[in-house]
Amino acid sequence: MTVDSADTLSILVATDNHLGYMERDPVRGQDSFHAFAEILQLAHAHGADMVLLGGDLFHDNRPSRRCLHHAMSLLRARCLGAAPVALEHLSDPAVDFGAQAAHVNYEDPNVNVALPVFSIH
């Protein structure tokens, strides 16, 4: 069986990242962030069309400001850009998002999302 890349959706799946786990530990404090950076780098290196995060993205239900900032920095560095997105949102945004958004962020002309990331908890 031959796989035509134009007809194939490539998804990198990662689970239970637990960003911020032991973040105050001088030895292991950066481990979760290094692992998440590697996940995003692998998605880019392998040409994934999207990243699907399952389970806990953050270790705490109220992540520290430092943890949130680090997570946003990693997402900005690896997920924003001018590359075209191979996904199309087909359902009604009014049903999916209510009044919060007219469309998904990767289809917003004012936001340059190159690698969509979806999180399921």
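Throughout, read-outs are computed from the coordinates displayed, never taken from laboratory work. Keep in mind that this is a model prediction, so the values were computed, not measured. Quick reminder, even Gly has a Cβ in these numbers, built from the backbone with ideal geometry, and neighbours come from all protein chains shown.
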Residues being charged (D, E, K, R), surrounded by 12 or more Cβ atoms within 10 Å (Cβ to Cβ) and touching an Asp or Glu at 6+ places or on another chain (Cβ under 9 Å) - total across segment 24-54: 1
Filtered residue count, segment 66-113, keeping only those that are surrounded by fewer than 12 Cβ atoms within 10 Å (Cβ to Cβ), β-branched (Val, Ile, Thr) and closer than 20 Å to ALA48 by Cβ: 1
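Against the definition (touching a strand residue (DSSP E or B) at 6+ places or on another chain (Cβ under 7 Å), of a type in the set (D, E, K, R) and touching a residue at least 12 places away in the same chain (Cβ under 8 Å)), how does ASP49 come out, yes or no?
Working: touching a strand residue (DSSP E or B) at 6+ places or on another chain (Cβ under 7 Å): yes; of a type in the set (D, E, K, R): yes; touching a residue at least 12 places away in the same chain (Cβ under 8 Å): yes.
Yes, satisfied.
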